[in-house]
Amino acid sequence: MTAPRFSIVTVNLDNHAGLAATWHSLRDQSFGDFEWIVVDAVSRDGSIDFLHALGDSRLALICEPDRSLYDGMNKGLDRARGDFLLFLNSGDRLADAEVLRRMADWPRLGETDIAYGDATEIGPQNTMIKRAMPHWMVAYSMFTHHQAIFYRRAFIASTRYDLSFRRVADWALTATLLKRGAQARHIDLMVCHFARGGVSQAPDRIEDARAEMIRLHREVLGLPTALSRLLVAAKFAVNDFRRKWPGAYDFIRSRV
């Protein structure tokens, strides 16, 4: 069987409405050479029935308990057959019907291990276009949303999300790949619509994220302590500004 061009991995637990929104954005793609791997941690809200009713041969369902969101992503990675992987969890959507087509037709895709685009953050009161930062800024931050990154399966195949990182395992995995020499390139493409409030964004998890960022600097990137402290201070100063003045932050960030 010929491998598909893309593997889209979606982790779900009791988010039927979000799962349906994710599927609709995939169903509407003009480029159909993809598989949709859904890793469901035994939902009880009708998600499984919804998936079974689709009758789409591109769907591969893994339904079993998992230890975390990142554990579910690892299961999807184990199952994937596509040339490139995109992790698009329940509720996340591709930005429009041409995303996969434009990525597949991108002339530089064949020489790229990490292809990353831009994202739209959708909040309860406003929407912000969030342009990707250059990938060399990975020590400061995840340079774009995880849902806006396509990973070459041949390069990521031997790597897994480190479950000891509870908040920033996606950042740690991406930094690990770059450290190993992954060829990363930005494509001028709005890849996804992302609902604000991810695993590491909730205010009560900030200290956990801070500790994990320091650990990522030390264990993954091998940064000196002084530089790590400077980057952490800068990162969380920006986060504080965002919480106190969200409108001003959105205005500035959407133009950077």
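Would it be correct to say that Thr159 is in a helix (DSSP H, G or I), modelled with pLDDT of 85 or more and either closer than 30 Å to Ala104 by Cα or touching a strand residue (DSSP E or B) at 6+ places or on another chain (Cβ under 9 Å) (or both)? Break it down into steps so the answer makes sense when it comes.
Values: in a helix (DSSP H, G or I): no; modelled with pLDDT of 85 or more: yes; either closer than 30 Å to Ala104 by Cα or touching a strand residue (DSSP E or B) at 6+ places or on another chain (Cβ under 9 Å) (or both): yes.
Considered against the rule, which asks whether it is in a helix (DSSP H, G or I), modelled with pLDDT of 85 or more and either closer than 30 Å to Ala104 by Cα or touching a strand residue (DSSP E or B) at 6+ places or on another chain (Cβ under 9 Å) (or both), Thr159 comes out as no.
I'm trying to understand the selection: among the residues of the range 233-256, which are open to solvent by 60 Å² or more (accessible area, probe 1.4 Å), in a helix (DSSP H, G or I) and among the aromatic types (Phe, Trp, Tyr)?
Result: Phe241, Phe251.
Could you go through the range 214-230 and let me know if any residue there is open to solvent by less than 60 Å² (accessible area, probe 1.4 Å), closer than 22 Å to Thr127 by Cβ and assigned to a helix (DSSP H, G or I).
Within the range 214-230, the first condition is being open to solvent by less than 60 Å² (accessible area, probe 1.4 Å), and the residues that meet it are 215-217, 220-223, 228.
Adding the requirement that they be closer than 22 Å to Thr127 by Cβ leaves none.
No, the range 214-230 contains no residue that is open to solvent by less than 60 Å² (accessible area, probe 1.4 Å), closer than 22 Å to Thr127 by Cβ and assigned to a helix (DSSP H, G or I).
Does Val11 satisfy being surrounded by fewer than 16 Cβ atoms within 10 Å (Cβ to Cβ) and under 30 Å from Ala172 (Cβ atoms)?
On the way: surrounded by fewer than 16 Cβ atoms within 10 Å (Cβ to Cβ): no; under 30 Å from Ala172 (Cβ atoms): yes.
Judged against the criteria, Val11 is not a match.
Ala139 fails exactly one of the following numbered conditions: (1) open to solvent by 10 Å² or more (accessible area, probe 1.4 Å); (2) in contact with a strand residue (DSSP E or B) (Cβ under 6 Å, 6 or more places away or on another chain). What is the number of that condition?
That leaves (2) as the condition not met.
Kindly establish whether Arg131 is farther than 22 Å from Asp71 by Cα, open to solvent by 50 Å² or more (accessible area, probe 1.4 Å) and of a type in the set (Lys, Arg). Outline the logic, then answer.
Numbers: farther than 22 Å from Asp71 by Cα: yes; open to solvent by 50 Å² or more (accessible area, probe 1.4 Å): yes; of a type in the set (Lys, Arg): yes.
For Arg131, the condition - farther than 22 Å from Asp71 by Cα, open to solvent by 50 Å² or more (accessible area, probe 1.4 Å) and of a type in the set (Lys, Arg) - is met.
Would you tally the residues in the range 92-128 being open to solvent by 30 Å² or more (accessible area, probe 1.4 Å) and more than 16 Å from Gln183 (Cα to Cα)?
If we filter the range 92-128 for residues that are open to solvent by 30 Å² or more (accessible area, probe 1.4 Å), which is where we start, we get 93, 96-98, 101-102, 105-108, 110-111, 122, 124-127.
Add one more test, that the residue is more than 16 Å from Gln183 (Cα to Cα), and what stays is 93, 96-98, 101-102, 105, 122, 124-127.
Final tally of qualifying residues: 12.
The values are calculated or read from the model by the stated rules, or taken from the named source; none is laboratory data. Keep in mind it's a predicted model, so treat the numbers as computed, not measured. Reconstructed Cβ throughout: ideal geometry from the backbone, glycine too, with neighbour counts over all protein chains shown. In case anyone asks, the SASA skips ligands and DNA or RNA and just uses the protein heavy atoms, side chains included. Shrake-Rupley method; radii C 1.70, N 1.55, O 1.52, S 1.80 Å.
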